[in-house]
Amino acid sequence: MTGAEPPDHGVRPASATSGYQPESSLPSHIGEPIVKVEGIHKYFGDNHVLRGVDLEVRQREAVMVIGRSGSGKTTLLRCINFLEEPTVGAIEVDEVRVEADPLHARDRRHREQIRQIRLRAGMLFQEFNLFPHMDVLANCIEAPTRVLGHSREHAIERAEYYLEVVGLAEKRDEYPSRLSGGQKQRVAIARALSMEPKVLLFDEPTSALDPELIGEVLGVMEDLAHSGTTMIVVTHEMHFAQEAADRVVFMEDGVVIEQGPPEQVLNDPRHEETTHFLRRFLDR
Amino acid sequence: MFNMRRLALLPAAALILAACQSGSGESPDASASADASANPTESGHGMADVPNVVCVGEATTYLDWLAGDLAISEADPIEEPSDAGNPDDLLALIKERGEIRVSTDPNYAPQSFVEPDGSFVGFDIDVATEIAERLGVDVKFETPDWDAITAGNWSERWDISVGSMTITEDRKEILSFTQPYYYTPAQLAASTASGVTGVEDLPFELPGGAEATTLPTDANCAEAIRAGREEFALWISSSTTVQGAIDEGVPIIAVGDPVFAEPLSVAIDKSGPPHDELLYEINNIIGEMHDDGTLTELSNEWYGLDLTEGTASSE
Amino acid sequence: MTTPSATIQPPPLLAEIIESQRQRRRWFRGQFALVWVALVGALLAALWATDNIDTEWMVTWAPFIVGGAGTTILVCVISIVLATLLAIFGAIARMSSNAILFAISSLYVSLVRGTPLLVQIYFIFFALPQMGIRLDAVPAGILALSFNYGAYMTEIFRAGIQAVPGGQREAAQALGMPEALVMRRVVLPQAVRIVIPAIGNDFIAMIKDSALISTIAVQELLWRAQRAGTRDFKTLQALLIAAAVYWLLTIIFSYFQDRLEQRMARGDR
């Protein structure tokens, strides 16, 4: 599952490695809850996409969300950092709590709260969404300098470090158009890490990639997971989920059907819907 | 394939040919018109074709005259202002600035026109420069369109007009006038091709009988006639402009004597700052320039005759 | 010294094909140039044949008239920059959910697109002073052109901003960037790249439209041509010179615009 350029395991973000224990047993390395999703409902017009989702993610935990398309898993992820405004419910990330308030979504205070959540939850997209008019380094220091107010020198130092983490230090002066899809997504990961968020949200990060490029991205993500980065990943890569997840969440029709350790949910599901989903998955 | 290529060149060749033919076809026309003018007695039969239209420059008094409602006026008497030394008077502002801004539309040779180096020359330019000198300030020319000058509401973009402006009752509503610094006779002209040689040939009674068509400036009428436009054959402008066009080879002749004389004055916008003192001062300067022969000298230089006496009036 | 790559000879047949293609291209270019020269020559010959063209006069006056091109270009460069700024604000306001901003920018666009440029020029020069805003001819001309083109370019910029993929905005928001920063640092720079060809087109159109400000006595190309022409009853020759200069200017700027467009196409997309 590792890519062409496996990252050096020795290089780790300090914040992400703190408290990292090599044991893979869940309780030993997993910390306090850091993301809380409470009773989230989401309507798109009359379409009830999320029907009451509760979810807690703990520090240094890697949670994989699976389910068929239309099950609401991507919407859930986008609700966590308010790229979609939840209709009902509350989100808490690292003690910043925002109640869904679609009627007052444009209030200055509400928007600032959302921004605080976004600073704590980095997001990776299917389509990478690198800024094409900036080179790799500029992509990585844009938000740290202009949003966090870091000095340019400090931001560059951190960015170079995270580019090293994703194995692309030598690409710092390239423009995104000169990178492969896999490299773009790895730069996007470095860009998100450069903000030193508390949790990373991955929205199907490999589904826009050619099959031969998927491995390098999953490799980076797996390393991040094993080194204790808190992450919520919406994915269709079952093998990756099995390897990297601390917990797998299966969603269907806008609710969480079941969740648990990967070996349990993926190999011995308790719910018929999960079995059904996994079987259909096998057929593909 | 090769035929196609040659075909592509055909239109070009055709164009060149057409050009040559139009060039050679020009000369018989030209000689015909020359004959017509040389032989006035023969022109009678062509006269029914002369359109009932006279070309004039926009915003000129000739247009009013053709419409039959030109009311040429005289400058109001100008008395010495009682509150001399008013710091708000335009005169004080000009003195303080050290520069008088004079509007001129360099579209009217020989009153005001451009030189290839971009400088302005002409009778009005010289008069304005002399006025500035006698005021003890520099002169700066602004170049709005003529109709912007005659319309008033200058918004203090310039101080005075030295633009051969005719004093009329209408203009006196919005502009203050000095005494005239010269007088130009208005002259009718006709294209030689029209066959019109005298007032008796005109297809209408003047004034009031003709329709007018306007072009941006007087000279455009002469050029339109030269270019062969036939919707009008008659033109009215100042006698000096008409003579200028004839000298340039425009195929026209002057028709009859000048129809009226226009008193031409320096004007100041009434909607601007108070200007009693400036008006009085410039009026005096013009009086001096009449008396000491400066204006006569300039008139002779630019027009080849003395137009500074009011005697050039009709007939 | 030949480089290794230069020593590689294509096989004879390929060489023949390449040579024939090259020849065909040369032929095409040659014909193209010939037709242009022939047509322009025919046009000039036709004019000359009217016996109304005083070439000596044209030589004397060409420098004065051509000198107006400086003013034309200066006015257009300043105007296109101001118009671009106006268009950016206009486009942002037009896409805003703020009713007041939306109303103002919609009125602006509607008013400007619904009235002739010449009327706007007159209005700014003659009407504004009566409200106490007195602008000299050149600033008034620049304002009129900027104002006019700003409205048309508002629509261009709106399309440009909308053409920036939504993911760009989302990615920036997800990094915690506030709305204004997202617009300024992420969306606008990309929108500008998208609309640069259109701005180039508008600049070329503006060079020609700027002739209208001759009516408020801006001493640009056409103004000079008219003044020089009426002086000696030679308007035709004067306009010929002006037309040639306008044409040349558009050819030059079109060339640069083409190159710019090619570079952008090759660029980071």
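Values for this structure:
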item	result
Members of the range B:71-116 found to be in contact with a helix residue (DSSP H, G or I) (Cβ under 7 Å, 6 or more places away or on another chain) and without any contact (Cβ under 8 Å) to a residue 40 or more places away in the chain, listed by number	B:Pro106, B:Phe113, B:Val114, B:Pro116
Subset tally (residues that are farther than 15 Å from B:Ser239 by Cα and either free of Cβ contacts under 8 Å to residues at least 40 places away in the same chain or charged (D, E, K, R) (or both)) for the range B:204-223	3
Any chance C:Phe126 is assigned to a helix (DSSP H, G or I) and within 24 Å of the chain's Cα centre (by Cα)	no
Members of the range A:240-255 found to be assigned to a strand (DSSP E or B) and surrounded by 20 or more Cβ atoms within 10 Å (Cβ to Cβ), listed by number	A:Arg247, A:Val248, A:Val249, A:Phe250, A:Met251, A:Glu252
B:Thr166 being within 14 Å of the chain's Cα centre (by Cα), buried (at least 17 other Cβ atoms within 10 Å of the Cβ) and within 14 Å of another protein chain (Cβ to nearest Cβ)	no
Residues located in the range C:12-39, provided they are of a type in the set (A, V, I, L, M) and under 32 Å from the mean Cα position of the chain (by Cα)	C:Ala33, C:Leu34, C:Val35, C:Val37, C:Ala38, C:Leu39
Considering residues of the range C:64-74 that are crowded, with 16+ Cβ neighbours inside 10 Å and either under 20 Å from the mean Cα position of the chain (by Cα) or β-branched (Val, Ile, Thr) (or both) only, the residue farthest from B:Ile225 (Cα to Cα)	C:Ile73
Complete set of residues in the range A:61-110 that are touching a residue at least 24 places away in the same chain (Cβ under 8 Å), surrounded by fewer than 20 Cβ atoms within 10 Å (Cβ to Cβ), within 28 Å of A:His236 (Cβ to Cβ) and of a type in the set (Gly, Ala, Ser)	A:Gly89
Test result for A:Glu222, within 24 Å of A:Ala169 (Cβ to Cβ), touching a residue at least 40 places away in the same chain (Cβ under 8 Å) and not in a helix (DSSP H, G or I)	no
Test: residue in the range A:139-150 that is surrounded by fewer than 23 Cβ atoms within 10 Å (Cβ to Cβ), within 13 Å of chain C (Cβ to nearest Cβ), touching a Leu at 6+ places or on another chain (Cβ under 7 Å) and not basic (Lys, Arg)	yes
Top-ranked residue in the range B:179-193 [being of a type in the set (Gly, Ala, Ser) and within 28 Å of B:Leu307 (Cβ to Cβ); ranked as surrounded by the fewest Cβ atoms within 10 Å (Cβ to Cβ)]	B:Ala186
Any chance C:Ala151 is under 20 Å from C:Tyr108 (Cα atoms) and within 14 Å of another protein chain (Cβ to nearest Cβ)	no
Residue identified as within 14 Å of chain C (Cβ to nearest Cβ), in a loop (DSSP other than H, G, I, E, B) and within 17 Å of the chain's Cα centre (by Cα) among B:Pro116, B:Pro106	B:Pro106
Residues (under 30 Å from B:Pro144 (Cα atoms) and among the acidic types (Asp, Glu)) located in the range C:223-267	C:Asp232
Unique match (being in contact with a Lys or Arg (Cβ under 9 Å, 6 or more places away or on another chain), in contact (Cβ under 8 Å) with a residue 12 or more places away in the chain, β-branched (Val, Ile, Thr) and closer than 21 Å to A:Gln59 by Cβ) among A:Val165, A:Val147	A:Val165
Of all residues making up the range A:99-128, the number that are within 14 Å of another protein chain (Cβ to nearest Cβ) and assigned to a strand (DSSP E or B)	4
Some residue of the range B:19-41 being surrounded by fewer than 13 Cβ atoms within 10 Å (Cβ to Cβ), away from chain C (no Cβ under 14 Å), modelled with pLDDT under 50 and outside any helix (DSSP H, G or I)	yes
Scan of the range A:166-184 for residues that are within 14 Å of chain C (Cβ to nearest Cβ) and outside any helix (DSSP H, G or I), ordered by number	A:Asp173, A:Glu174, A:Tyr175, A:Leu179
Matching residues in the range B:132-158 - criterion: being within 14 Å of another protein chain (Cβ to nearest Cβ), small (Gly, Ala, Ser) and assigned to a loop (DSSP other than H, G, I, E, B)	B:Ala151, B:Gly152, B:Ser155
Residue that is farthest from the chain's Cα centre (by Cα), among those in the range A:200-223 that are within 12 Å of chain C (Cβ to nearest Cβ) and aliphatic (A, V, I, L, M)	A:Ala208
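Quick grid of which residues meet (1) away from chain B (no Cβ under 12 Å); (2) touching a residue at least 24 places away in the same chain (Cβ under 8 Å); (3) over 26 Å from C:Asn201 (Cβ atoms); (4) surrounded by 16 or more Cβ atoms within 10 Å (Cβ to Cβ):
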{"position": "C:Ala49", "(1), (2), (3), (4)": "no, no, yes, yes"}
{"position": "C:Ala62", "(1), (2), (3), (4)": "no, yes, yes, yes"}
{"position": "C:Cys76", "(1), (2), (3), (4)": "yes, yes, no, yes"}
{"position": "C:Arg113", "(1), (2), (3), (4)": "yes, yes, no, no"}
{"position": "C:Leu118", "(1), (2), (3), (4)": "yes, yes, no, no"}
{"position": "C:Met131", "(1), (2), (3), (4)": "no, no, yes, no"}
{"position": "C:Ala137", "(1), (2), (3), (4)": "no, yes, yes, yes"}
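Results for (1) in contact with a Lys or Arg (Cβ under 7 Å, 6 or more places away or on another chain); (2) away from chain A (no Cβ under 14 Å); (3) closer than 23 Å to C:Ile156 by Cα, shown as yes or no for each residue.
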position	(1), (2), (3)
C:Gly176	yes, no, no
C:Leu181	yes, no, yes
C:Ser214	no, yes, no
C:Ala242	no, yes, no
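Residues are listed down the side, and each one gets a yes or a no for (1) closer than 28 Å to C:Asp232 by Cα; (2) part of a helix (DSSP H, G or I); (3) at pLDDT 90 or above:
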position	(1), (2), (3)
C:Ala6	no, yes, no
C:Leu14	no, yes, no
C:Arg22	no, yes, yes
C:Gln31	no, yes, yes
C:Leu34	no, yes, yes
C:Ala38	no, yes, yes
C:Ala42	yes, yes, yes
C:Ala46	yes, yes, no
C:Gly70	yes, yes, yes
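Every residue, every condition in (1) surrounded by 18 or more Cβ atoms within 10 Å (Cβ to Cβ); (2) part of a helix (DSSP H, G or I); (3) without any contact (Cβ under 8 Å) to a residue 12 or more places away in the chain, yes or no:
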| site | (1), (2), (3) |
| --- | --- |
| C:Phe157 | yes, yes, no |
| C:Gly167 | no, yes, yes |
| C:Glu170 | yes, yes, yes |
| C:Met177 | yes, no, yes |
| C:Ala191 | yes, yes, no |
| C:Gln219 | yes, no, no |
| C:Leu222 | yes, yes, no |
| C:Val245 | yes, yes, no |
| C:Tyr255 | no, yes, yes |
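The values are calculated or read from the model by the stated rules, or taken from the named source; none is laboratory data. In this text, all values refer to a predicted model and were calculated from it rather than measured experimentally. Heads up, the Cβs are rebuilt from the backbone with ideal geometry, glycines too, and the neighbour counts pull from every protein chain shown.
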